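One structure below.
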């Protein structure tokens with residue numbers, strides 16, 4: 001059994017796609033995954049998988065959630081080792097300590113090219129800073145995420161793909177869950 005983290009995109013925000021975390025845990029058990037746990041109400045789950053990982057696990061969860069909810073929900077999956085890498089490769093350690101709520105990690109399906117990252121960096125309309133490492137883009141929002149003009153739509157336009165973001169507080173809470 002390998003420990004996996006699933007991040008659901010866009011659930012329980014704006015009233016469109018509601019997913020109760022107890023129901024998500026129950027569904028993970030029904031799908032054959034072990035020891036499911038959730039964090040917060042924003043679609044974070046940690047569980048054990050015997051036979052699926054990576055893109056195959058993402059597809060399985062997305063297909064099941066579509067049947068269950070009647071709409072497609074993007075899911076990004078990382079193994080426990082992947083998650084340790086996310087924490088270790090943070091290019092903004094000072095910001096993570098001083099203001100973890102304004103450091104966001106965007107989890108993508110595939111690693112963006114250097115050209116796409118450079119295009120996004122050039123399009124930043126404010127004081128935000130970002131760096132990519134693998135399938136993650138680390139973004140500092142010094143003036144807050146809610147007021148930023150570096151929107152998910154702008155990121156998707158330049159990166160060519162959508163992702164799901166988690167602030168550094170959530171990244172570290174999930175790291176603690178995986179380590180426990």
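Odds and ends about this structure:
- Estimated [θ] at 222 nm from DSSP helical runs (n ≥ 4, -39500 (n - 2.57)) normalised by residues in the chain, nearest 500: -11500 deg cm²/dmol
- Tilt relative to the chain, helix 168-179 - C-alpha long axis, 0 to 90 degrees, to 10: 40
- By the beta-carbon count within 10 Å of each Cβ, the least crowded to most crowded order of 38, 151, 17, fewest first, is 151, 17, 38.
- Between 0 and 90°, nearest 10: helix 21-30 axis offset from the chain longest Cα axis: 50
- Here the simple spin-label model places points 7 Å from the Cα toward Cβ, and for residue 1 and residue 176 these points are separated by 2.3 nm.
- Label reach from residue 127 (point 7 Å along Cα→C-beta): in the stretch 73-103, amide nitrogens under 18 Å belong to 92-103.
- Likely footprinting exposure, 64, 51, fewest C-beta neighbours within 10 Å first: 51, 64
- Global form of the stretch 89-179, assessed from the alpha-carbon gyration tensor, a/c cut-off 1.5: oblate
- Crossing angle, helix 54-69 versus the chain [Cα axis fit, 0-90 degrees, rounded to tens]: 70
- If R0 is taken as 22 Å, the Cβ-Cβ distance between residue 23 and residue 153 corresponds to a FRET efficiency of 0.15.
- Cα convex hull volume per residue for the chain (Å³): 112
Laboratory data are not the source of any read-out in this text; all were calculated from the coordinates shown. What you are looking at is a predicted structure, and each value in this text was computed from that prediction instead of being measured. Backbone-built Cβ (ideal geometry, glycine too); neighbour counts: all protein chains shown.
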